[in-house]
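What follows is calculated from the coordinates using simple rules that are stated; it is not laboratory data. Keep in mind that this is a model prediction, so the values were computed, not measured. So basically every Cβ, Gly included, is an ideal-geometry build from the backbone, and we count neighbours across all protein chains shown.
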Amino acid sequence: AVYLFISSSIIMQSALSSRAMLRVPLRASIVTLSARHIRPFSVSSASYLHLWDNLPGESVNEPSEGLAKLKGRMREERFRVKPLLNTAEHDRFDVVVVGGGIVGLATARELLNRYPNMTVAVLEKEREVAPHQTGHNSGVIHAGMYYEPGSTMAHTCVRGSELMYKFCEDNKLPAQRCGKMIVATSAEEHKQVEKLYKQGNANGVKGLEIFDAKQVSDMEPNIKAYSALYSPNTGIVDYSLVSETLARQILDSGRADIKLAFEATSFKKLADGSVEITGIEPSQNGPTLQVHAGNVITCGGFYADRLAGLTGGNPKKNQVVTFRGTYYQLKPEYRTMVRMNIYPVPSGGGIPVGVHITPTVNARRGHALIIGPGACFTFAREGYKFWDFKAKDVIQSFTNPDFWAFALKNISLSFGELYKDLNKRAFLRAAQKYAPGLTIDMVEPSFTGVMSQVFQDGGIAASDYIMERKVLGGTTLNVRNAPSPACTASLAIAEMIADIAAEDFQWSKTEKK
C-alpha cells in the first residue's frame with residue numbers, strides 16, 4: 001500500500017509539473033509589442049505556480065469612456081491591453097517631452113500638429129500640469145518692447161503674443177487686451193521710456209505711444225509719473241487655463257499621453273537607438289516606471305540643468321538659480337484702483353525685477369489686482385517660502401562662480417530684494433513711487449512664484465534661449481534656458497523647438513519617425 005501511495009504521488013507530481021511547464025516554461029523569451037526587443041525571463045523554482053491570463057480590467061473589449069475623457073484615448077487603450085513582460089515597450093513613443101510646463105506642453109502640441117503619424121508623451125514630475133513657473137506668475141501677455149531688435153527673444157515674444165491671443169480666442173479662454181504703461185518717475189528714467197519705444201517699434205510692436213504726465217493721469221488717475229510708454233496690445237490671461245487647454249488638445253489627439261507624477265531619474269540609449277527613460281513617483285519607493293522614446297526633448301524649468309546631466313549633457317554649465325517673487329493684492333474694496341498693467345522702467349541687473357501693478361483674470365484666484373513681484377534668492381529650487389531649505393540646492397547655488405559674480409556686481413540689488421521680501425513696507429515703497437495713494441492697509445498677501453535664472457560667464461544673467469543639441473548619442477534636445485516672457489512666447493518657442501528637433505533628428509514633414 002505504501003509503495004502504491006508513493007508511486008501515485010510521484011506520477012501526480014510529474015503530471016502537475018508537466019502541465020505547469022506548458023503554462024510557464026522555466027526559461028522563455030517573449031516578443032514585445034514592437035517585435036523588436038526580445039527580453040528573456042525566468043520563473044521561480046516553484047514551477048507549479050498557476051498564472052492567470054489577465055488581471056481584472058485587462059483585455060476587455062468595452063472601452064472605459066470616463067478614463068478616455070480624463071486621460072485620453074491612447075492611455076485608455078493601452079490600459080485595457082495586457083502588457084507583455086517588457087512594459088516599456090508597451091509605453092513606446094516616437095518623442096517624449098520631459099516637463100509639463102507651458103513650454104513642454106506647447107512643444108508636444110506643435111509636434112502632434114506637424115506630424116500626423118507621430119506619437120508623443122509628456123512626463124511631468126508633479127500631479128498636475130504647469131504647477132510652478134507657468135501657474136505662479138503675473139499672467140501678462142507681453143508685447144515685445146524689452147528685447148534687442150533682431151534677437152530671437154524679440155521674435156518669439158511678438159509672434160508668441162499674436163499666437164496666444166489667437167489661441168485664447170479659438171478656445172474661448174479669458175484674455176483681455178487691457179494695455180500697459182511703463183512709467184518713468186524722473187527725467188533720467190524717461191531715457192528708458194524712449195529706448196523702449198524705439199526697440200518696440202523696431203520689433204514690430206503695434207500702437208506704442210509716449211505719454212506725458214497729464215496723459216498718464218488722464219488714463220490712470222491714481223498713477224503719477226514724469227512720462228510713460230503706453231502699449232495698448234499688452235494683455236492678461238490665465239496661463240494655467242492655457243496649459244490645461246494645451247493638455248486637453250494633446251490627449252484628444254489620440255496619439256499622445258501625459259504621465260503625471262513621473263520623475264525621470266535616468267536616460268539610457270539602447271542598442272536599437274531608442275532611449276529608455278526610467279522614473280518614479282516623487283517621494284515613493286516604487287514602482288519603477290519606464291518609457292521608451294525614439295527621441296527626447298527636455299523642458300525642465302527649475303531642473304533643466306539636472307535633467308541635462310542625466311541625458312549626458314553638461315550639468316556644470318548654465319546652472320539654474322531660483323528666485324522667489326512675492327505678490328500682494330489690493331483688498332476687494334480697492335481692487336479697481338487701476339485698469340491696466342502699470343510697470344516701472346527696467347531697473348537693470350539683468351533679471352526681471354520691478355514691482356508692478358497688474359489686473360488678473362485668474363480662474364483659481366479670481367479677479368484681483370496684484371502688486372509684485374520681488375526677486376529674492378531662494379534656499380530651495382521650489383522655495384515658495386523664505387524658510388524653505390534644501391541643502392543640495394543651496395550648495396549648488398553657493399558653489400556656482402557665475403552666481404557669485406552676478407551677486408557681487410549687483411550687491412545693492414541683491415540685498416534690496418532680500419529686504420523687500422522680508423519687509424512689507426519696503427516692498428510697497430517700490431510701487432508708491434508711481435502710485436502715491438497706495439497705503440499698507442489697502443493690501444493683503446497674495447501668492448508667491450519662483451522663477452529660474454541661468455548665469456553665464458562673468459555673472460551675466462542669460463537673456464536668451466539656450467539649447468543643448470544632439471546629446472545622448474544624437475537622440476536628445478535639452479532646453480536649458482527659456483527666460484521670461486516664456487509664457488507669452490510659448491507657442492512661438494514651440495515652433496522654434498520643433499524646427500531644431502526636425503533638423504537634429506532628421507525628421508521629414510510627414511513621416512512617422
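As a summary of the residue check, residue 395 satisfies the conditions (1) buried (at least 18 other Cβ atoms within 10 Å of the Cβ); (2) out of contact with any helix residue (DSSP H, G or I) (no Cβ under 8 Å at 6 or more places or on another chain); (3) not basic (Lys, Arg) except for the one numbered (1). For residue 324, the criteria (1) surrounded by 17 or more Cβ atoms within 10 Å (Cβ to Cβ); (2) over 21 Å from the mean Cα position of the chain (by Cα) hold in every case but one, which is (2). Taken over segment 424-455, the residue count meeting the criterion of being free of Cβ contacts under 8 Å to residues at least 12 places away in the same chain and within 25 Å of residue 404 (Cβ to Cβ) is 1.
I'd like to know if segment 483-491 contains one or more residues that are within 30 Å of residue 227 (Cα to Cα), β-branched (Val, Ile, Thr) and buried (at least 21 other Cβ atoms within 10 Å of the Cβ). Checked segment 483-491: at least one residue is within 30 Å of residue 227 (Cα to Cα), β-branched (Val, Ile, Thr) and buried (at least 21 other Cβ atoms within 10 Å of the Cβ). Residues that are touching a helix residue (DSSP H, G or I) at 6+ places or on another chain (Cβ under 9 Å) and in contact (Cβ under 8 Å) with a residue 12 or more places away in the chain do occur in segment 267-275, at least one of them.
Within segment 183-210, restricting attention to residues that are among the hydrophobic types (A, V, I, L, M, F, W, C) and part of a helix (DSSP H, G or I), the residue that is farthest from residue 144 (Cα to Cα) is 187.
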